[in-house]
Amino acid sequence: MTTKLSTPIGSDLAAPPPSRALSSWRAGMWSLPEVRWAAIATVLFAAGGISQLAGAPAWLWWGLYLACYAAGGWEPGLAGVRALRERTLDVDLLMVAAAIGAASIGQVFDGALLIIIFATSGALEALATKRTEDSVRGLLNLAPEQASRLSPGGREEVVEAAVLQVGETILVRPGERIGADGQVLSGASAVDQAGITGESLPVDKQPGDEVFAGTVNGTGALRVRVTRPASETVVARIVAMVEQASATKARTQLFVEKIEQRYSIVMVAATVALFALPLLWGTPVQDSLLRAMTFMIVASPCAVVLATMPPLLAAIATAGRHGVLVKSAVVMEQLGTVTAVAFDKTGTLTEGRPHLTGVHVLPDAGLTPDRLLALAASAEQDSEHPLGRAVVAAAHAAGLPVTQAHEFASEPGRGVRAHVEGLHIEIASPAHLLTGSEDTRPARLLPRREDGGVGPHGADGGVGRLVDELQGGGHTVVVVRVDGVPAGVLALADRMRPGTAEAVAHLTELTGSAPVLLTGDNPRAAAKLAAEAGIGEVRADLLPEDKVSAVHELQAAGWRVALVGDGVNDAPALASAHVGIAMGRTGSDLALDTADAVITRDEPATVPAVIALARRARRLVMANLAIAATFIAVLVAWDLFGDLPLPLGVAGHEGSTIIVGLNGLRLLRDAAWRRAAGTRESRTRTRR
């Protein structure tokens with residue numbers, strides 16, 4: 001008799017963190033000096049324009065325009081002067097010089113317009129960076145500043161959370177935020193971990209369970225032993241990633257900065273030539289200066305510089321809001337070039353813990369599957385082994401009675417034994433229970449044959465064949481023996497994460513190649529998981545160095561590989577891959593430190609989503625560069641071979657700066673993530 005559990009016990013649901021209030025974001029926006037000065041400069045410019053149109057005295061609107069110069073131009077001007085001290089030529093200084101040149105020939109309105117648009121461009125970039133940081137930080141419930149520390153004698157004192165040391169014990173009362181990463185020593189409670197792991201429901205915590213700083217305790221009191229100092233908590237590591245992402249620039253941006261110096265020198269030389277050479281042929285000074293200033297404005301590469309960062313930073317912010325922490329704009333750029341994805345198995349595509357999948361009762365055992373499971377769960381209820389916990393959880397979930405066991409004993413590496421309702425129950429691996437027993441009491445449940453066999457199905461009642469079949473299918477098997485006689489087999493397996501098959505299909509469609517499974521697990525378990533997920537190529541029984549070799553082989557074949565893993569054994573391969581992606585909830589410290597990106601909610605579906613988002617960001621970068629280059633080429637040609645008015649040159653070139661900036665910020669919308677995360681069917685419906 002066999003019972004298959006079609007729905008394994010215990011499902012984890014992950015929900016996105018709540019959205020941050022718009023008013024709060026606006027308050028943070030005005031804390032940026034670039035935004036404040038750009039706003040002040042805009043108000044002064046508008047006041048000057050209104051005064052000029054209203055026929056006010058010239059000194060009034062001239063004064064307002066010059067104040068606009070000061071408000072919007074002092075910061076880039078100061079940055080340019082500092083760059084000159086280091087013998088470099090900054091594009092910011094060129095813009096300020098062009099505006100001053102325009103004012104010197106009476107075009108104060110045009111110079112002020114240039115200052116406004118340039119200041120607005122800088123504010124947009126600062127705003128994108130700010131939103132990146134805020135969006136990622138918004139995923140977290142930051143740890144409290146104080147915690148209740150317990151002395152060895154039990155005395156309680158309130159201390160700063162930052163001074164807690166590894167090994168110390170803290171008391172967390174109901175409703176409080178946990179002050180440090182640690183392990184529960186005593187107490188039981190449900191902890192809200194949504195800010196860290198994205199789980200929508202509180203997680204039950206018992207002694208021995210891990211808890212995270214910043215999560216919210218439920219109704220029970222917990223005593224927690226600190227396992228990490230404040231600087232190394234999950235919260236601290238993620239915040240460090242934010243700082244790194246804000247400080248690092250993409251390769252395309254660095255390339256622009258490399259050519260910016262040479263380009264600026266050429267532009268200055270050309271500007272001087274455009275001013276000086278026409279004077280030799282009798283051109284009036286004002287006309288020659290106006291043409292030179294117009295050329296300096298339209299040829300300045302500010303739009304090219306701004307074309308790169310906003311799309312990448314906006315993509316980082318959007319990915320952060322949806323559970324993917326990308327450590328830098330460089331990584332976001334590299335994600336967009338991935339052509340093959342390799343997955344680890346345990347803890348990455350699976351949940352990393354066993355679940356009961358089937359209860360198999362031997363013929364003539366005289367038991368029902370429910371009765372066998374109830375006896376096994378009763379014997380296992382005091383066990384700390386993951387397999388034992390899975391059996392007990394399955395019995396509770398099925399509503400079966402779990403009675404008190406007596407004379408419980410656990411043998412490390414073997415299994416457990418106990419007396420339940422007068423029966424001697426043994427649970428262990430087939431290798432231990434099918435090779436004889438020291439228990440000599442008579443069997444109560446299975447009739448023995450004269451030849452020593454059990455029942456009519458062979459010397460072992462058919463249990464050996466059943467074990468082989470289940471193990472061949474990738475299951476972990478334990479045998480239940482009742483009064484010294486095998487009575488049944490429990491099949492357990494690590495459960496595949498929800499959405500894995502869909503993620504694999506999406507990646508295959510996105511990259512044009514099916515993902516590869518690289519695992520240290522046995523080939524049978526790996527093949528079973530691969531078949532369920534839709535993965536074709538499987539490499540099993542791999543040591544850490546074997547995984548590195550596998551990644552190098554894929555790279556040698558021309559693939560740009562993203563590796564997704566979670567364990568210490570994945571760290572070398574994560575470092576070797578084009579992009580390393582770690583599972584944030586189950587990932588080891590070493591894996592999190594080595595990886596280029598972290599999936600905070602352990603959802604495989606976010607892997608194709610972030611790759612698709614990165615590809616769209618790269619396309620926007622290319623589009624922005626094309627827009628900026630086109631504007632520059634057209635306006636420079638117009639100025640050199642025609643008569644380009646300065647106001648039109650300012651509006652055209654600096655307007656292109658705003659266009660590329662706003663174009664990049666389109667990725668900040670949640671619709672960008674939904675589009676990236678959509679399956680083929682949902683994208684088809686969207687197009688229709």
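Selection over the stretch 131-162 of residues that are charged (D, E, K, R), at pLDDT below 80 and either over 26 Å from the mean Cα position of the chain (by Cα) or crowded, with 21+ Cβ neighbours inside 10 Å (or both) gives a count of 1. Within the stretch 532-549, the set of residues being among the hydrophobic types (A, V, I, L, M, F, W, C) and more than 10 Å from Val516 (Cα to Cα) comprises Ala533, Ala540, Leu542, Leu543, Val548. Against the list (1) at pLDDT 65 or above; (2) closer than 28 Å to Met332 by Cβ; (3) touching a strand residue (DSSP E or B) at 6+ places or on another chain (Cβ under 7 Å), the condition Met241 fails is (1). Considering the conditions (1) under 35 Å from the mean Cα position of the chain (by Cα); (2) at pLDDT 90 or above; (3) not in a loop (DSSP other than H, G, I, E, B), Val338 is excluded by exactly one of them, (3).
Whenever a residue of the stretch 418-432 is free of Cβ contacts under 8 Å to residues at least 60 places away in the same chain and surrounded by 19 or more Cβ atoms within 10 Å (Cβ to Cβ), its partners that are β-branched (Val, Ile, Thr) and assigned to a helix (DSSP H, G or I), lying with C-beta atoms within less than 6 angstrom and at least six residues away or across chains, give the pairs Pro430/Val467. Taking residues in the stretch 46-69 that are over 12 Å from Phe109 (Cβ atoms), and partners anywhere that are among the hydroxyl-bearing types (Ser, Thr, Tyr), the pairs with Cβ atoms closer than 7 Å and at least 6 places apart or on different chains are Leu60/Ser51. Could you please let me know if Leu375 is buried (at least 19 other Cβ atoms within 10 Å of the Cβ) and in contact with an Asp or Glu (Cβ under 9 Å, 6 or more places away or on another chain)? Spelling it out, Leu375 is indeed buried (at least 19 other Cβ atoms within 10 Å of the Cβ) and in contact with an Asp or Glu (Cβ under 9 Å, 6 or more places away or on another chain). In the stretch 608-630, the residues that are within 15 Å of Leu665 (Cα to Cα) reach residues that are among the hydroxyl-bearing types (Ser, Thr, Tyr) and outside any helix (DSSP H, G or I) with C-beta atoms within less than 7 angstrom, at least six apart or across chains, in these pairs: Val621/Thr308. Here the condition is being buried (at least 22 other Cβ atoms within 10 Å of the Cβ) and in a helix (DSSP H, G or I); of Ile611, Ile632, it holds for Ile611 alone. Out of Gly567, Gly512, Gly534, one residue alone is modelled with pLDDT under 85 and among the small types (Gly, Ala, Ser). It is Gly567.
Condition check ((1) under 25 Å from Gly558 (Cα atoms); (2) among the charged types (D, E, K, R); (3) out of contact with any Ser or Thr (no Cβ under 7 Å at 6 or more places or on another chain)) across all residues:
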residue	(1), (2), (3)
Val326	yes, no, yes
Val330	yes, no, no
Val338	yes, no, no
Phe343	yes, no, yes
Gly347	no, no, no
Thr357	no, no, yes
Leu367	no, no, yes
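Residues being without any contact (Cβ under 8 Å) to a residue 12 or more places away in the chain, out of contact with any helix residue (DSSP H, G or I) (no Cβ under 7 Å at 6 or more places or on another chain) and not in a helix (DSSP H, G or I) are represented in the stretch 275-282 by at least one member.
The numbered conditions (1) part of a helix (DSSP H, G or I); (2) touching a residue at least 40 places away in the same chain (Cβ under 8 Å) are all true for Ala395 except (2).
The values are calculated or read from the model by the stated rules, or taken from the named source; none is laboratory data. Note that the coordinates shown come from a computational prediction; the quantities given were computed from them, not determined experimentally. Ideal geometry is used to build each Cβ from the backbone, glycine not excepted, and the neighbour counts take in all protein chains shown.
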